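Just below is one structure, and these are the notes that go with it.
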Ligand SMILES: *Cc1c(COP(=O)(O)O)cnc(C)c1O
Ligand code: SF4
């Protein structure tokens with residue numbers, strides 16, 4: 001009898017959230033527990049099984065582990081690291097909408113995430129206020145209908161793919177019916193941490209309208225790209241989607257030239273183009289991931305020297321009040 005594949009919903013529900021369990025599963029030093037407990041009280045630990053399985057046991061420096069393990073250091077106060085570094089709570093014009101740049105806006109499709117990334121710039125975002133009711137969804141759609149300059153809608157979150165296929169299919173049909181919208185974009189990390197999220201229903205929901213679709217994945221390290229993810233990406237591309245990737249430059253994860261080159265090459269092997277490499281937003285609790293600008297620019301130049309141009313991501317910063325992301329290399 002064939003074994004039923006485990007559903008993504010089940011994988012979400014069975015994520016590891018207990019620091020003790022994470023440490024023992026990965027054979028890590030129990031002395032990490034006190035810090036992990038303290039930091040996870042502020043922003044919980046959350047890591048799904050398919051991601052956990054790519055972490056090397058016994059290695060506290062593993063680049064995937066560092067992205068998910070709460071550390072006592074997160075609680076150190078630093079004056080430059082604040083709650084809402086991008087001032088997004090001010091551009092949250094309507095519930096569920098972040099409209100900052102010309103021609104495109106973010107729709108907060110789901111407030112949930114499949115993984116809690118310790119460096120996340122939205123770790124303090126008041127998502128509870130962005131769980132939309134049906135009436136609010138209609139208002140968000142009206143906002144797009146009434147502004148003919150909006151040619152692109154970007155599904156964001158949290159993680160937009162934490163929403164059900166039914167919700168995504170409905171929303172995409174509503175948006176495709178707005179004639180001035182030309183493109184749909186999906187910013188997601190979910191297929192990276194749970195490749196099983198890429199179902200036939202999801203592909204149908206996203207690609208079943210007139211809108212060309214770009215998916216921007218969020219991988220920070222080549223070790224995140226395993227066979228199941230490669231297979232999921234192959235299905236998405238087969239459906240006609242364009243695949244891009246954005247990363248965050250993170251100390252102890254990918255702040256060395258070999259990691260960055262290897263990430264770009266591995267993305268390229270899978271038909272995914274590197275789009276942005278973000279410098280870290282100064283969010284409270286993420287100061288231990290900081291890489292200074294001089295080093296970031298040096299790494300970006302080295303990438304230019306080592307990779308074909310189309311595999312070099314743009315090094316950018318997001319600044320409150322700017323009209324686009326700001327390139328660090330001109
Ligand atoms: C990054 C971002 C976008 C998309 O910017 P692109 O340069 O088109 O990728 C749109 N809105 C907000 C609020 C963003 O942060
Ligand atoms: S998946 Fe994205 S939004 Fe969610 S915690 Fe990670 S970086 Fe933040």
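Of note:
- So residue 140, is it within 16 Å of ligand 1 (Cβ to nearest atom) and either surrounded by fewer than 17 Cβ atoms within 10 Å (Cβ to Cβ) or modelled with pLDDT of 95 or more (or both): yes
- Failed item in (1) buried (at least 19 other Cβ atoms within 10 Å of the Cβ); (2) at pLDDT below 95; (3) more than 19 Å from the chain's Cα centre (by Cα), with residue 284 passing the rest: (3)
- Residue among 116, 131 that alone is outside the structural domain of residue 47 (by TED's automatic domain parsing), away from ligand 1 (no atom under 16 Å from the Cβ) and more than 21 Å from residue 246 (Cβ to Cβ): 131
- Residues within the range 288-313 that are in a loop (DSSP other than H, G, I, E, B) and touching a helix residue (DSSP H, G or I) at 6+ places or on another chain (Cβ under 9 Å), tallied: 5
- Exactly one residue among 78, 99 is within 14 Å of ligand 1 (Cβ to nearest atom), at pLDDT 85 or above and within 26 Å of residue 249 (Cα to Cα), and that residue is 99.
- Residue in the range 169-185 that is within 16 Å of ligand 1 (Cβ to nearest atom), in contact with a strand residue (DSSP E or B) (Cβ under 6 Å, 6 or more places away or on another chain), part of a helix (DSSP H, G or I) and modelled with pLDDT of 95 or more present: yes
- Taking the criterion of being within 16 Å of ligand 2 (Cβ to nearest atom), in contact with a helix residue (DSSP H, G or I) (Cβ under 7 Å, 6 or more places away or on another chain) and in contact (Cβ under 8 Å) with a residue 40 or more places away in the chain, the residues of the range 156-186 that qualify are 158, 159, 161, 162.
- Condition met for residue 258 (free of Cβ contacts under 8 Å to residues at least 24 places away in the same chain, more than 16 Å from ligand 1 (Cβ to nearest atom) and closer than 30 Å to residue 227 by Cβ): yes
- Candidates 156, 164 - the one that is more than 14 Å from ligand 1 (Cβ to nearest atom) and under 21 Å from the mean Cα position of the chain (by Cα): 164
- Among the residues of the range 268-287, none qualifies, meaning not one is part of a strand (DSSP E or B), farther than 27 Å from residue 85 by Cβ, away from ligand 1 (no atom under 14 Å from the Cβ) and touching a residue at least 24 places away in the same chain (Cβ under 8 Å).
The values are calculated or read from the model by the stated rules, or taken from the named source; none is laboratory data. Fair warning: this is a prediction, and the values are worked out from it, not measured in the lab. Ideal geometry is used to build each Cβ from the backbone, glycine not excepted, and the neighbour counts take in all protein chains shown.
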